[in-house]
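Data first, discussion second: the structure below is written as structure tokens.
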Amino acid sequence: MAGAIIENMSTKKLVIVGVILLLFQAFAFMVGGLIAPRPTTATDYLATKCVDTVKHRQETKWFMPWGPNQCDKIRTFDEAMAKRIEASNIVFAVHIPLPNKEMSPWFQFMLVILQFDIAFKVKNQIEDGAWVTFDVSLAYRDDTVSEWTEMAHSFEQRKLNCNFTTAKTTENEGRYYECDLLPFMEVGSVAHKYYLLNIRLPIYERKKVNVGIGEIKDIRLVSIHQNGGFTKVWFAMKTFLTPSILIVMIWYWRRITLMTRPPVLLEKVILALGISMTFINIPVEWFSIGFNWTWMLLFGDIRQGIFYSMLLSFWIIFCGEHLMDQTERNRLLVYWKQVVPIVFGSFCLFIFDMCERGVQLTNPFYSIWASEVGTELAMAFIIVAGICACLYFLFLCFMVFQVFRNISGKRTCLPAMSKARRLHYEGLIFRFKFLMLVTLACAAMTVIFFIISQVNEGHWQWGEHTVQVNSAFFTGIYGMWNLYVFAIMFLYAPSHKRYGDGQSSSQCITGDGANSELTTTITHVDGPTEIYKITGKEANE
């Protein structure tokens, strides 16, 4: 009898395959934990206060905080008041990176966060609901002598959220507010060596611009970018895994097409899962090293969204096709109630991503978190997505429970069989249950991964080696999904082996109660797999 490899492969060979996959999984975690550095690096910058002495400011003038052409500086605003320098003529300048360093395309992206140092004064307090208006420009160059080239310029607003933890009295003047970090800028590629930020805080009292924002002492920035070493490890994994999954996918579908019957729904969905995994694996990021592709972050999010949508849909169909109490199988429309919410949720996340990273393609200073409405919408998206993820996992556990319960009900028919056939079917049931538990474990690991990824960057010390936790989970989870898709395509590919005497019989459940009996019939050697026959599945195509 022909069946899937998971059914006909000997237990010894199956154990060997499982051990090899487990070793590759451990290696994937070790690559991130012991070889790759942490995924990102954060660098702190203190903005230099430059003075614009030109009354009619030229648009092409840039203020450098250090170097041979550095600007005229002041240390404090008290010095500016003594020199009668207006606040609108003060430019906060930040050069990225620090002196004697260079940025690199291997950094992939650059995220900048801003924080104000605001001193308390009784006569100049921060008003409730205060907003700060920026006149900000970004420039770049690739050597230390050429002129700066403007990359972006924008007027942006950010809402101040500051608390003063002590009493607001004259004795506490000079103490600093505790202000939240503000999203400031995100660039989707780091194609140049040097970047320069010039920030102005223009004051227009009539229009209430930058009025009631307290006494700003300093502006601090935190620049976050991907580590070049981690990028190289990540690219190497993608380059290795792409042909691996592609070859297995082609081999799998070739075996499907060699059968005399048309492919069933589950086989088509497994192929779609392999295609989506290949799509996310293709290392197009290599081109970002030589090209200034600012859309790579958005493209990466789209690829991940397609893969996760396919994966979530696959799990639903995978469980549903093995539920024995369903009357209609092998039809995608049967699962529309489960698949449509997954597709709709993915589309909503795509719209949310386009509202931020899509706009950032033309204005890197834009942030959906900058406005109250945007913040509420963003939080709503995140909360709803988290709730839906938990509900989906619970629903998946329920479906797996139903499959196990139905299979347990069928096992009551096994004692009526011969010993050899009974042991064979018991082995099939055990293998299938084990695969379902692995599926749940993969889903659980994904949930844990997303929770840990929200925690601050950290590492553990293990003997003489430093284990980068975040890097290990990035590479480990990514490797886990590839190994899972590889295993599904390999184990569910049709086997060339034969089981039993090869005579035609029919598989059905006859009788009821204690008289129920499981009999087997093979319509032809390329018919449905045995696990489908156990669950009463026949192709409707």
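Taking amide H atoms as placed 1.01 Å from N in the peptide plane, the amide H of TRP131 lies under 5 Å from those of LEU160, each 5 or more residues away in sequence or on another chain. Residues whose amide H comes within less than 5 Å of that of GLN108, counting only those at least five positions distant or on another chain, are VAL190 (H built at 1.01 Å from N in the peptide plane). Restriction of the trypsin sites (Lys or Arg not before Pro) in segment 253-335 to DSSP coil positions whose beta-carbon has at most 16 other beta-carbons within 10 angstrom yields ARG331.
If you stretched the chain out fully between VAL384 and LYS217, how much longer would it get, using 0.36 nm times the residue separation minus the C-alpha to C-alpha distance? Provide the component values of the computation, followed by the final result.
Values: separation 167, 0.36 × 167 = 60.12 nm, distance 3.91 nm.
Extra length from VAL384 to LYS217 when fully extended: 56.2 nm.
Applying both filters, DSSP loop and at most 14 other Cβ atoms within 10 Å, to the chymotrypsin sites (Phe, Trp or Tyr not before Pro) of segment 244-310 gives PHE291. Couplings 3J(HN,Hα) for segment 338-346, derived from phi with the Karplus relation 6.51 cos²θ - 1.76 cosθ + 1.60 (θ = phi - 60°), are 8, 6, 4, x, 5, 5, 5, x, 5 Hz, where x marks Gly and Pro.
Surface analysis of segment 28-123 yields an accessible area of 56 Å² per residue, using protein heavy atoms and a 1.4 Å probe.
Surface exposure of segment 172-240, expressed per residue as accessible area with a 1.4 Å probe, stands at 43 Å². Between ALA26 and THR166, the modelled label-to-label distance comes to 5.6 nm, taking each label 7 Å out from Cα in the direction of the beta carbon.
In this structure the amide hydrogen of ALA152, modeled in the peptide plane, comes within under 5 Å of the amide hydrogens of LEU138, none closer than 5 places in sequence on its chain. The modelled label-to-label distance for the pair PHE401/LYS419, using points 7 Å beyond Cα in the direction of Cβ, is 3.8 nm.
Rolling a 1.4 Å probe over the heavy atoms of the protein chains gives segment 274-392 an accessible area of 52 Å² per residue.
Ignoring ligands, DNA and RNA, what percent of the accessible area of segment 243-395 is carbon or sulfur (1.4 Å)?
On the way: 5920 of 7790 Å².
For segment 243-395, the apolar C and S fraction of the accessible surface comes to 76 percent.
Sparse packing (at most 15 other Cβ atoms within 10 Å of the Cβ) combined with a DSSP loop state is found for the following trypsin sites (Lys or Arg not before Pro) in segment 48-114: LYS55, ARG57, LYS61, ARG75, LYS83, ARG84, LYS101. Within the accessible surface of segment 35-117, defined with a 1.4 Å probe on protein heavy atoms only, the carbon and sulfur portion equals 51 percent. Considered as an equivalent ellipsoid built on the Cα gyration tensor, segment 227-368 has semi-axes of 34, 22, 10 Å, the largest given first. For segment 211-257, build the charge dipole from Cβ charges (+1 Lys, Arg; -1 Asp, Glu) around the Cα centre, then report which of TRP253, VAL222, VAL211 sits farthest towards its positive end. Going by the charge dipole, the pick is TRP253.
The values are calculated or read from the model by the stated rules, or taken from the named source; none is laboratory data. The shown structure was predicted, so the numbers you read here are calculated from the model rather than taken from an experiment. Heads up, the Cβs are rebuilt from the backbone with ideal geometry, glycines too, and the neighbour counts pull from every protein chain shown. Side chains are part of the model used for accessible areas, which takes the heavy atoms of the whole protein and leaves out ligands, DNA and RNA. Shrake-Rupley method; radii C 1.70, N 1.55, O 1.52, S 1.80 Å.
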